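Participant: Below: one structure in structure tokens.
FYI, it's all coordinate maths here, none of it is from the lab. Not measured: the values here are computed from a predicted model. All Cβ positions, even for glycine, are placed from backbone atoms using ideal geometry, and neighbour counts span all protein chains on display.
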Amino acid sequence: MQPETVLVLGEFVDPDDAEVPLFESLGFPSLDDPDEIVPATTRRRVFAGYAGWGAGQLEEEVANEDWILEPALADDAFTEQPDDLWHDVLRRKGGIYELVARMPDDPSLN
């Protein structure tokens, strides 16, 4: 956990401008010249803090099927309803996951 770390995620006009490219046009900009971030990106989102995994931990969890996997979309990172993102992605995945998306946060309310 790094609660004091700040991350800036950008959607780049030219994905090659990203210091750390992710997928599609998303990536992390270089923070060496903050004035260059705005013209190089069409959208940006600043995140306060992040959690990570130890070496090999995530790969092991994925191999154990501890995670539900669904390809990310660039719009996911910029959603205006971040509290709904988990449910939105499960609905997008479809099948049994769509049913899980409709479950209440408190199952006793079901």
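Participant: How many percent of the alpha carbon pairs in the chain exceed a separation of 22 Å?
Facilitator: Value for the chain: 49 percent of Cα pairs lie more than 22 Å apart.
Participant: Let me ask something else. Once you sort the root eigenvalues of the Cα gyration tensor of the stretch 63-110 as a ≥ b ≥ c, which label holds: rounded (a/c under 1.5), prolate (a/b larger than b/c) or oblate (the other case)?
Facilitator: Because a/c hits 1.5 or more and a/b fails to exceed b/c, the stretch 63-110 counts as oblate.
Participant: Tell me which trypsin sites (Lys or Arg not before Pro) from the stretch 62-104 have a DSSP coil assignment and no more than 12 other beta carbons within 10 Å of their own.
Facilitator: Here the trypsin sites (Lys or Arg not before Pro) that fit, given the DSSP loop and packing criteria, are ARG102.
Participant: Length gain on complete extension for the stretch PHE47 to LEU99, per 0.36 nm per residue less the alpha carbon to alpha carbon distance?
Facilitator: Extra length from PHE47 to LEU99 when fully extended: 15.7 nm.
Participant: Another question about this same structure. What is the distance in Å between the Cα centres of the stretch 45-86 and the stretch 9-26?
Facilitator: Cα centres, the stretch 45-86 to the stretch 9-26: 18 Å.
Participant: Taking the simple approach of a point 7 Å from Cα along Cα-to-Cβ for both LEU69 and GLU24, what is their distance in nm?
Facilitator: Simple spin-label model gives 1.9 nm for this pair.
Participant: Mind listing the phi-derived Karplus ³J(HN,Hα) values for the stretch 19-26, rounded to whole Hz, using 6.51, -1.76 and 1.60 with θ = phi - 60°, and x for any glycine or proline?
Facilitator: Along the stretch 19-26, the couplings run 5, 10, x, 10, 7, 6, 9, 8 Hz.
Participant: Please list 3J(HN,Hα) in residue order for the stretch 30-44, calculated via the Karplus relation 6.51 cos²θ - 1.76 cosθ + 1.60 where θ = phi - 60°; whole Hz, with x for glycine and proline.
Facilitator: 6, 9, 4, 10, x, 5, 8, 5, 5, x, 7, 10, 8, 9, 9
Participant: Okay, next question. May I ask you to derive the relative contact order of the stretch 25-110, considering only C-alpha pairs under 8 Å and at least 6 residues apart, and to give it as an integer percent?
Facilitator: 18
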